[in-house]
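In what follows, a single structure is set out as structure tokens and then discussed.
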Amino acid sequence: MPKLKPDTIVPTPAEDAAIAAGIAADPDAEELDDAWFASARPAAVVDPDLVEHVRRGRGKQKAPTKEQVTIRLDTDITAHFRAAGPGWQTRLNDTLRRAVFGSP
């Protein structure tokens with residue numbers, strides 16, 4: 001058995017039996033046995049348009065305006081911008097733009 005986190009709640013055997021009985025009594029809880037898996041079809045066969053849409057994803061930007069970089073900043077600098085809430089990276093970018101170019 002894998003190691004569990006300290007706050008994991010494990011049901012007692014009686015609770016486990018009650019849960020299993022509830023599942024067995026639920027008409028919507030279909031048993032997934034070997035016959036069910038043998039009849040299963042791939043998603044690409046069932047709904048190819050949906051699968052293609054998911055695989056396609058967002059795609060590349062038509063006209064990239066930003067460049068992803070890695071930069072190391074002092075913690076007090078990032079804390080200052082993060083303290084104002086979401087959008088801190090945009091505010092940091094705007095501050096750098098004003099420092100370099102003198103305008104927004």
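Criterion first (more than 30 Å from T95 (Cα to Cα) and without any contact (Cβ under 8 Å) to a residue 24 or more places away in the chain) does P48 satisfy it?
yes
Is one or more of the residues making up region 86-97 loosely packed, with under 10 Cβ neighbours inside 10 Å and of a type outside the set (K, R)?
So the first thing to find is which residues in region 86-97 are loosely packed, with under 10 Cβ neighbours inside 10 Å, and the list is 86.
Imposing the further condition that a residue be of a type outside the set (K, R) reduces the set to 86.
There is at least one residue in region 86-97 that is loosely packed, with under 10 Cβ neighbours inside 10 Å and of a type outside the set (K, R).
Identify, from the list T8, T95, the residue that is of a type in the set (S, T, Y) and either assigned to a helix (DSSP H, G or I) or touching a residue at least 60 places away in the same chain (Cβ under 8 Å) (or both). Outline the logic, then answer.
Values: T8 fails: either assigned to a helix (DSSP H, G or I) or touching a residue at least 60 places away in the same chain (Cβ under 8 Å) (or both).
Step by step, each of T8, T95 is checked, and only T95 is of a type in the set (S, T, Y) and either assigned to a helix (DSSP H, G or I) or touching a residue at least 60 places away in the same chain (Cβ under 8 Å) (or both).
Table: residues versus (1) under 30 Å from L96 (Cβ atoms); (2) surrounded by 10 or more Cβ atoms within 10 Å (Cβ to Cβ); (3) in contact with a strand residue (DSSP E or B) (Cβ under 6 Å, 6 or more places away or on another chain).
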{"site": "A38", "(1), (2), (3)": "no, no, no"}
{"site": "A43", "(1), (2), (3)": "no, yes, no"}
{"site": "R58", "(1), (2), (3)": "yes, no, no"}
{"site": "Q68", "(1), (2), (3)": "yes, no, no"}
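Quick check, is L73 modelled with pLDDT of 90 or more, surrounded by 10 or more Cβ atoms within 10 Å (Cβ to Cβ) and in a loop (DSSP other than H, G, I, E, B)? Show your work before the answer.
Details: modelled with pLDDT of 90 or more: yes; surrounded by 10 or more Cβ atoms within 10 Å (Cβ to Cβ): yes; in a loop (DSSP other than H, G, I, E, B): yes.
It is true that L73 is modelled with pLDDT of 90 or more, surrounded by 10 or more Cβ atoms within 10 Å (Cβ to Cβ) and in a loop (DSSP other than H, G, I, E, B).
Considering each of R97, R55 in turn, give the residue that is charged (D, E, K, R) and within 27 Å of the chain's Cα centre (by Cα). Write out each step before concluding.
Values: R97 fails: within 27 Å of the chain's Cα centre (by Cα).
One residue alone meets the criteria, R55.
Quick one: how many residues across region 1-39 are acidic (D, E) and within 27 Å of the chain's Cα centre (by Cα)?
The total comes to 1.
Of all residues in region 11-36, how many are in a loop (DSSP other than H, G, I, E, B) and surrounded by 10 or more Cβ atoms within 10 Å (Cβ to Cβ)? Before you say what the answer is, go through the steps one by one.
As a first pass, look at region 11-36 and keep what is in a loop (DSSP other than H, G, I, E, B): 11-12, 26-33.
Next, only the ones that are surrounded by 10 or more Cβ atoms within 10 Å (Cβ to Cβ) stay: 11, 29.
The number of residues fulfilling the criteria is 2.
The values are calculated or read from the model by the stated rules, or taken from the named source; none is laboratory data. Treat the numbers as computed from the prediction; the structure is a model and nothing was measured. Neighbour counts are summed over all protein chains in view; Cβ atoms, including those assigned to glycine, are modelled from backbone coordinates with ideal geometry.
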